[in-house]
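What follows is a single structure, written as structure tokens, with notes after it.
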Amino acid sequence: MGLVSDARNATTLLRKALASRTAVRDVRRTLAVRPEHPLHHYQVAVYFADGAVNMYQMRQWYKPLAELSKLWPVVVLSRSATGAQALLAEDAPPVAFVPTVRDLERFIATQDIRVVLYVNQNTRNFQMFRYGRRWHVFINHGESDKMYMTTNQFKAYDYALIAGDAARERLSRVLWDYDLDARTIQIGRPQADHYSGALPYSPDDRTVVLYAPTWEGDRPSAHYGSVVTHGEALVTALIATRRHRVIYRPHPRSGVIAPEYGAANQRIIAALAAANRADPGAEHIYDDGPDLGWQLAAADVAVVDISAMVYDRLAAGKPLLITRPADPAAIVDTHGYLSACEWLDAADAPAIVDQTERVLSDPDAVARLTDWVVRYFGDTTPGSSTRRFHAAIARLMAQWDVWHAASADDDLDDEDDEEADLDD
């Protein structure tokens, strides 16, 4: 068995190496026919050391960064060939492919980068931290109550742009000796101002329900997926009314661990297709596309599992139900929104129509939602988060000017001291 395992590992490594080599050639060919980056032009950089597998962390920032670049030019510093390949093929900001530290140094020397943004905690971020006289800022790729949101790695950055009061409470509860007032800036969720994708159906008077379950999980503590326990029952009930439209967006890993989960997923997809054939006006949607945004904005009610989708939907400020895990071993953090959310138990899934009507019309449910939206994201009126994001970068740019001027004075003083030493 050991020899077989070693052979499989060797084959996997070889495939990855070949894919990386192919990606490097593709990236260099693509960049060779594009205009060179203008000198001393970029003032904001997004450092991205991951490959294509984690592109979702970058994609959600494309539109906010495009808006930001109207004020301060933005470039992505891409360290991975497959990541750069994906960025160049998509609607990303300008890309500098800097696979080695020497490449990184050469590019930085030609630019005026004052603020460096980080969307994740890749260990190679440390290679960028070596460059002083610029601000290193963690902007993350989402908002949630997961452990990732309170890692001690926050202390490695000069600043962190956080969503709202819930993030402050979370950080203050976990991190020791971390100056929240000095090192965090609340901006809400700028991505919510730029939902991507066009509606794939014609709006009418149907109640639109987004069902976006996560995958089954690879251990009992992460058994949050609801496709088997809730999914078929709630989709069947919604289809039957002919007054609802279902947008079904399952996790792409659905069924990779549990065959019954994958089978239930396929049955839901087939049921939506059959419902559309029987009632073409229903326009139920099986959504497996790359764009995430239009679903959150368009749905009247969302049904989601414990995942980042909870907070993506919360940022939209619209009603949602969260499926309660059927596995008692699944860990549920009840410090934040999950302590007072609208739960959907498996036994109540067949009564989903009543549940959706309740969260849409019950004054108490509406008031609770509003309170939690404000706690997590602050003002969510269109454009407000973008304004706060721009104001945060403006503040950092102004502070850069102050420190740069002080450093310039110090450099002159050092030169004067050196000349005095030579005279002596």
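The values are calculated or read from the model by the stated rules, or taken from the named source; none is laboratory data. Since we're looking at a predicted model, the values are computed, not measured. Methodologically, a virtual Cβ is constructed for each residue, glycine included, from the backbone with ideal geometry; neighbour enumeration extends over all protein chains shown. What goes into the accessible areas is simple: the full protein's heavy atoms, side chains included, and nothing from ligands, DNA or RNA. Shrake-Rupley method; radii C 1.70, N 1.55, O 1.52, S 1.80 Å.
Please give the contour-minus-distance gain from residue 39 to residue 361: 0.36 nm per residue of separation, less the Cα-Cα distance, rounded to one decimal in nm. Write down the numbers at each step before the final one.
Numbers: separation 322, 0.36 × 322 = 115.92 nm, distance 5.66 nm.
Working it through step by step, the gained length comes to 110.3 nm.
Grab the Cα-Cα distance for residue 399 and residue 278, subtract it from 0.36 nm times how many residues apart they are, and report the gain in nm with one decimal.
This chain segment gains 37.3 nm when fully extended.
What net charge is computed for the residues neighbouring residue 252, neighbours being all others with C-beta under 15 Å from the C-beta of residue 252, Lys and Arg scored +1, Asp and Glu -1?
Charge balance in the 15 Å sphere: -3.
Sketch the reach of a paramagnetic label on residue 202 as a point 7 Å from Cα along Cα-to-Cβ, and name the residues of segment 244-271 whose backbone nitrogen lies under 20 Å away.
244-247
Over 31 Å between Cα atoms, which of 70/146; 63/146; 63/155; 146/318 qualify? Working shown, then result.
Values: 70/146 33 Å; 63/146 25 Å; 63/155 27 Å; 146/318 22 Å.
Exceeds cut-off: 70/146.
Compare the Cα positions of 148, 293, 241 along the charge dipole of the chain (+1 at Cβ of Lys, Arg; -1 at Cβ of Asp, Glu; about the Cα centre) and return the one farthest towards the positive end.
Selected residue: 241.
What fraction, in whole percent, of alpha-carbon pairs in segment 65-217 exceed 29 Å separation?
When every Cα pair of segment 65-217 is considered, 31 percent fall beyond 29 Å.
Treating only the Cβ atoms of Lys and Arg (+1) and Asp and Glu (-1) as charged, compute the dipole magnitude of the chain about its Cα centre; round to the nearest 20 debye.
2100 debye
Please identify the trypsin sites (Lys or Arg not before Pro) of segment 78-170 that satisfy two criteria: DSSP loop assignment and at most 10 other Cβ atoms within 10 Å. Which are they? It would help to have the intermediate numbers written out before the result.
Values: sites: 79, 102, 106, 114, 124, 130, 133, 134, 146, 155, 168, 170; in loops: 79, 114, 124, 130, 133, 134, 146.
Answer by residue number: 130, 133.
If you place +1 on the Cβ of every Lys and Arg, -1 on the Cβ of every Asp and Glu, and leave all else neutral, what size is the dipole of segment 329-416 about its Cα centre, to the nearest 20 Debye?
760 debye
Could you look at the chain and say what percent of its accessible area is carbon and sulfur, using a 1.4 Å probe and all protein chains?
54 percent
Treating only the Cβ atoms of Lys and Arg (+1) and Asp and Glu (-1) as charged, compute the dipole magnitude of segment 143-266 about its Cα centre; round to the nearest 20 debye.
My answer is approximately 320 debye.
When the label point is put 7 Å from the Cα of residue 26 along its Cα-to-beta-carbon vector, which residues of segment 36-52 have a backbone N closer than 11 Å?
Of the residues in segment 36-52, 52 have backbone N under 11 Å from the label point off residue 26.
Using Cα centres only, tell me the gap between segment 24-43 and segment 184-238 in whole Å.
Here the answer is 37 Å between Cα centres.
Count charges around residue 24 for me, please; just the other residues with Cβ under 13 Å from its Cβ, Lys/Arg as +1, Asp/Glu as -1.
On the way: positive: 16, 21, 25, 28, 29, 79; negative: 26, 103.
Neighbourhood net charge equals +4.
Add -39500 (n - 2.57) for each DSSP H run of 4 or more in the chain, then divide by its residues: what number comes out at 222 nm, to the nearest 500 deg cm²/dmol?
Values: 15 runs with 188 residues, N = 424.
Counting only the DSSP helices, I get -14000 deg cm²/dmol.
Would you mind calculating the gained length between residue 332 and residue 18 on full extension (0.36 nm times residue separation, minus the Cα-Cα distance), in nm to one decimal?
Numbers: separation 314, 0.36 × 314 = 113.04 nm, distance 4.10 nm.
Working it through step by step, the gained length comes to 108.9 nm.
Just to verify a number: FRET efficiency for residue 221 and residue 266, C-beta to C-beta distance, R0 = 25 Å, to 0.05?
According to the calculation, E is roughly 0.40.
Could you point to the label whose value was computed as P(r) over Cα pairs in 20 Å bins from 0, in percent for the structure here, given [x] 23, 51, 23, 3, 0; [y] 26, 56, 17, 0; [z] 25, 54, 20, 0?
[x]
Scaled to the compact-protein estimate 2.2 N^0.38 Å, what is the alpha-carbon radius of gyration of segment 183-241, rounded to two decimal places?
1.66
For segment 60-146, just list the percent of Cα-Cα distances falling in each 10 Å bin from zero outward, please.
It works out to 14, 50, 32, 3, in whole percents.
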